[in-house]
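Colleague: Quick one: the structure is below, and I'll ask about it shortly.
We did not get these values from a lab; they are worked out from the coordinates using the rules stated. Worth saying up front: this structure is predicted, and the values here are computed from it rather than measured. Here the Cβ positions follow ideal geometry from the backbone for every residue, glycine too, while neighbour counts run over all protein chains shown.
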Amino acid sequence: MKVYDISWPITADMTSYKDHSLINIRFIKNFDEDHERSSLITMSPHTGTHVDAPSHFLRDGKSTNFLEPLSCSGPALVIDLTHVQDAITLEHLKEVAIAPDMIVLFKTKNSALANNDTFDYKFVYIPQETAEWLANQNIKAVGIDYLGVEREQPGHETHQAFLSKEIPIIEGLRLKDVPAGTYHLWCLPLRIMDIEAAPARAILIDDKK
């Protein structure tokens, strides 16, 4: 079987949302002086690959406590939209068959960006209309290959379309080397309680290989 690691590598110089300083990695012990290595990492839960919970943008939304171990794992469909230059519209999905309880992952030109590039404010995103349509397909989760799923939406309507139906949003995927098709996704949010998002490790398994 073929395994794709689609997690965003966490480094001190990695891309961060709108170039905010979301991570600090400090080495507090080194082998020459301390005979061991130890480090301290401080970061936002929205760093790299992570899962948004409903409380991120809903006043009464559930926190990360609602993210069960397999809430973002299962059959997944990777949709190749690398030709899209701006927004993922319903026109782009008209030929795509999306089964209920499927995890939908969007591969776009975002994945061609390097892991430590300056933040691209013109990243490909999911607008409100598309998000509402996807949510009505009863998908299990949705994922995109950049650090945000929406762009220039003061009311965060795209987030709300998914999160109001308790559909987890996986942001910060890396899909450059993944062909379109069906896979089994393992995406495990860290068990951090009572906040609005959780970092995750994500892999795709193609057992057809």
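Colleague: Of the residues 124, 142, 178, 149, which single one is among the aliphatic types (A, V, I, L, M) and touching a His at 6+ places or on another chain (Cβ under 7 Å)? First the steps, then the outcome.
Modeller: Working: 124 fails: touching a His at 6+ places or on another chain (Cβ under 7 Å); 142 fails: touching a His at 6+ places or on another chain (Cβ under 7 Å); 178 fails: touching a His at 6+ places or on another chain (Cβ under 7 Å).
Only one candidate passes the filter, namely 149.
Colleague: What do you reckon, is residue 52 farther than 18 Å from residue 4 by Cβ and more than 16 Å from the chain's Cα centre (by Cα)? I'd like the intermediate steps shown before the answer.
Modeller: On the way: farther than 18 Å from residue 4 by Cβ: yes; more than 16 Å from the chain's Cα centre (by Cα): no.
Judged against the criteria, residue 52 is not a match.
Colleague: So which residues in segment 57-66 are crowded, with 18+ Cβ neighbours inside 10 Å and either of a type in the set (Ser, Thr, Tyr) or under 14 Å from the mean Cα position of the chain (by Cα) (or both)?
Modeller: Across segment 57-66, the qualifying residue is only 64.
Colleague: Related question: Has segment 164-171 got any residue that is closer than 26 Å to residue 20 by Cα and polar (S, T, N, Q)?
Modeller: So far as segment 164-171 goes, no, none of its residues is closer than 26 Å to residue 20 by Cα and polar (S, T, N, Q).
Okay, residues lined up against (1) more than 27 Å from residue 87 (Cβ to Cβ); (2) among the aliphatic types (A, V, I, L, M); (3) under 14 Å from the mean Cα position of the chain (by Cα):
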{"position": "150", "(1), (2), (3)": "no, no, yes"}
{"position": "156", "(1), (2), (3)": "no, no, no"}
{"position": "160", "(1), (2), (3)": "no, no, no"}
{"position": "164", "(1), (2), (3)": "no, no, no"}
{"position": "177", "(1), (2), (3)": "no, no, no"}
{"position": "187", "(1), (2), (3)": "no, no, yes"}
{"position": "195", "(1), (2), (3)": "yes, yes, no"}
{"position": "201", "(1), (2), (3)": "yes, no, yes"}
{"position": "206", "(1), (2), (3)": "yes, no, no"}
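Colleague: Suppose the filter is out of contact with any Leu (no Cβ under 8 Å at 6 or more places or on another chain), closer than 14 Å to residue 81 by Cβ, part of a loop (DSSP other than H, G, I, E, B) and charged (D, E, K, R); does residue 122 pass it? I'd like the intermediate steps shown before the answer.
Modeller: Numbers: out of contact with any Leu (no Cβ under 8 Å at 6 or more places or on another chain): yes; closer than 14 Å to residue 81 by Cβ: no; part of a loop (DSSP other than H, G, I, E, B): yes; charged (D, E, K, R): yes.
Taking the combined requirement at face value, the residue does not satisfy it.
Colleague: Related question: Looking at segment 140-209, what strands (runs of 3 or more DSSP E) fall wholly within it and have at least 3 residues that are on the phi > 0 side of the Ramachandran plot and surrounded by fewer than 24 Cβ atoms within 10 Å (Cβ to Cβ)?
Modeller: Details: elements: 141-144, 169-171, 181-189, 197-206.
Passing ranges: none, list empty.
Colleague: Additional query: Quick check, is residue 122 surrounded by fewer than 17 Cβ atoms within 10 Å (Cβ to Cβ), of a type outside the set (Val, Ile, Thr), free of Cβ contacts under 8 Å to residues at least 12 places away in the same chain and out of contact with any Ser or Thr (no Cβ under 6 Å at 6 or more places or on another chain)? It would help to see each step written out before you state the result.
Modeller: Values: surrounded by fewer than 17 Cβ atoms within 10 Å (Cβ to Cβ): yes; of a type outside the set (Val, Ile, Thr): yes; free of Cβ contacts under 8 Å to residues at least 12 places away in the same chain: no; out of contact with any Ser or Thr (no Cβ under 6 Å at 6 or more places or on another chain): yes.
Spelling it out, it is not the case that residue 122 is surrounded by fewer than 17 Cβ atoms within 10 Å (Cβ to Cβ), of a type outside the set (Val, Ile, Thr), free of Cβ contacts under 8 Å to residues at least 12 places away in the same chain and out of contact with any Ser or Thr (no Cβ under 6 Å at 6 or more places or on another chain).
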